[in-house]
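FYI, it's all coordinate maths here, none of it is from the lab. Everything numeric here is computed off the predicted structure, so don't read it as measured data. With ideal geometry, Cβ positions are generated from the backbone for all residues, glycine too; neighbour counts draw on all protein chains shown.
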Amino acid sequence: MKNEIVTVADLCVDLLFVGDVKPIYGQVEQFVHDYTVELGGSTAIFSSQFTKLGGQIKLIGKVGEDVFGNYLVERLRGLHIPPTYIIKSTSEKTAVGLGLAYHGDRAMLTYLGALSEMTGEELLSTGLFDKPQHVHITSYYLLAHLHDFWKAQVPLLKNKGATISLDTNWSPFGDWHAVHAILPFIDVFIPNEQEALHISGQSTVLEAGKWLSNFCTLTVIKCGGEGAVAFSKDKTATSFDVPAYLKQNLKIADTTGAGDNFDAGFLKAWLGGNKLEDCVRDGMICGTISLKEVGGITSQPTDLNPVRKEIINY
């Protein structure tokens, strides 16, 4: 059973504001209900949830020599994610993401800072790509300067016997085609609905999933409250509804990191050799429960068994 994941982090500090207002320029002051300062980035949220479920994460990231950088290192330690492979930049500040949650949606501003400095040479120098069990690629588009690194490495990783999963996240640059080169080497691709449509160039989830299954061994498209659809290599599509128990107990404080938490629950089960339906169920549990608190980490579950039983008995 594989239980260890190597991943490259879009490590940043998340400043999350929650309120019923949108920014208005012209020095207009408005009030929000709440805010949090938290470990941010899709990779960190994923890694935190995967660790809480009993998995092991070897995370590579880069931060600045500043207060935020020190905070992130200590926060990783507190979440039992060893900061062994965190690189300190001497020239760039730590990345920061500013988010405003508004009626179940969110607007985001990102300062890349040290993230844009991370190089393939630095990643390889950690030794983690020598013979990993599993590699999870996140924020592919955000870390655009690493595209050539991944193009070169994913075939080598496959030859070494590693399995590879991918969640590209959104493309801020609109370069959706950039991921096409690595898709044939992906064992599990877990995009959301809009990402799948943009990457495939198709107009429906069904068409997108079939297009992606020409390349990826397994594609699982996350459709929010509508559930998920999985596509195998033979283009067989299997739809999964959100369990009634989760819908009944749904509470949305913030959608940050819901997809990343889904990924963690799904991959923990998948790496354990579980059935597809159980992998999707665990992904939905993690994604749904994470919505209850502001930020992607605060409400992450540590034991899925009670919720699994409730779903069966509901």
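Structure notes:
- Footprinting exposure proxy for Thr43, Thr238 (fewest neighbouring C-beta atoms within 10 Å first): Thr238, Thr43
- Listed pairs Lys52/Lys275; Lys22/Lys62; Lys210/Lys292 exceeding 28 Å between Cα atoms: Lys22/Lys62; Lys210/Lys292
- Each principal axis of the Cα atoms in region 22-125 has its own extent, and those three values, largest first, are 48, 36, 22 angstrom.
- Cα-based equivalent ellipsoid, the chain: semi-axes from gyration tensor eigenvalues, Å: 27, 25, 20
- Packing, as the average of other Cβ atoms within 10 Å across residues, places the peptides 85-93, 45-53, 24-32 in the order 45-53, 85-93, 24-32, highest first.
- Restricting the trypsin sites (Lys or Arg not before Pro) of region 130-175 to loop positions (DSSP other than H, G, I, E, B) with no more than 14 neighbouring Cβ atoms within 10 Å leaves Lys160.
- Sequence-distant contacts, meaning Cα pairs under 8 Å at least 6 residues apart, place the relative contact order of region 1-133 at 30 percent.
- The 3J(HN,Hα) values that the Karplus relation (6.51, -1.76, 1.60; θ = phi - 60°) gives for region 261-270 are, in residue order, 5, 4, 4, 5, x, 5, 5, 4, 6, 5 Hz. Gly and Pro appear as x.
- Its relative contact order, with pairs defined as Cα atoms under 8 Å and 6+ residues apart, puts the chain at 17 percent.
- Protection proxy ranking, highest mean first, for peptides 55-66, 268-279: 55-66, 268-279, where packing is the per-residue count of other beta-carbon atoms within 10 Å, averaged.
- Region 84-187 shape via C-alpha gyration tensor axes, a/c threshold 1.5: oblate
- 29 Å Cα-Cα threshold exceeded, pairs from Lys151/Lys247; Lys131/Lys233; Lys58/Lys247: Lys151/Lys247; Lys58/Lys247
- Anisotropy class of region 161-258 from Cα gyration tensor, a/c 1.5 cut: prolate
- Cα gyration tensor shape of region 201-258, rounded if a/c is under 1.5, else prolate or oblate by comparing a/b with b/c: prolate
- Annotation: the antiparallel percentage among DSSP beta bridges lying fully within region 163-240 is about 65.
- Both numbers refer to the Cα atoms of region 209-297; Rg and Dmax are 13.1, 40 Å.
- From helices alone, the chain scores -9500 deg cm²/dmol at 222 nm; the rule is -39500 (n - 2.57) for each run of n ≥ 4 DSSP H residues, then divide by the residue total.
- Neighbour-count ranking [beta-carbon atoms within 10 angstrom, fewest first] of Trp150, Trp176: Trp176, Trp150
- Residue order, fewest to most beta carbons within 10 Å, for Ser139, Ser239: Ser239, Ser139
- Under 12 Å from Lys88, Cα to Cα: aspartates and glutamates that are on another chain or at least 8 residues apart: Glu65, Asp66, Glu117, Glu122
- Residue-wise HN-Hα couplings along region 81-87, as the Karplus relation 6.51 cos²θ - 1.76 cosθ + 1.60 with θ = phi - 60° gives them from phi, are 10, x, x, 4, 10, 7, 9 Hz; Gly and Pro carry x.
- For region 39-54, 3J(HN,Hα) computed residue by residue from phi via the Karplus equation (6.51, -1.76, 1.60; θ = phi - 60°) reads 4, x, x, 4, 5, 5, 4, 4, 5, 4, 5, 4, 5, 5, 8, x Hz, glycine and proline entered as x.
- Taking 13 Å as the straight-line reach from the Cα of Lys158, the aspartates and glutamates in range (excluding those fewer than 8 positions away in the same chain) are Asp130, Asp187.
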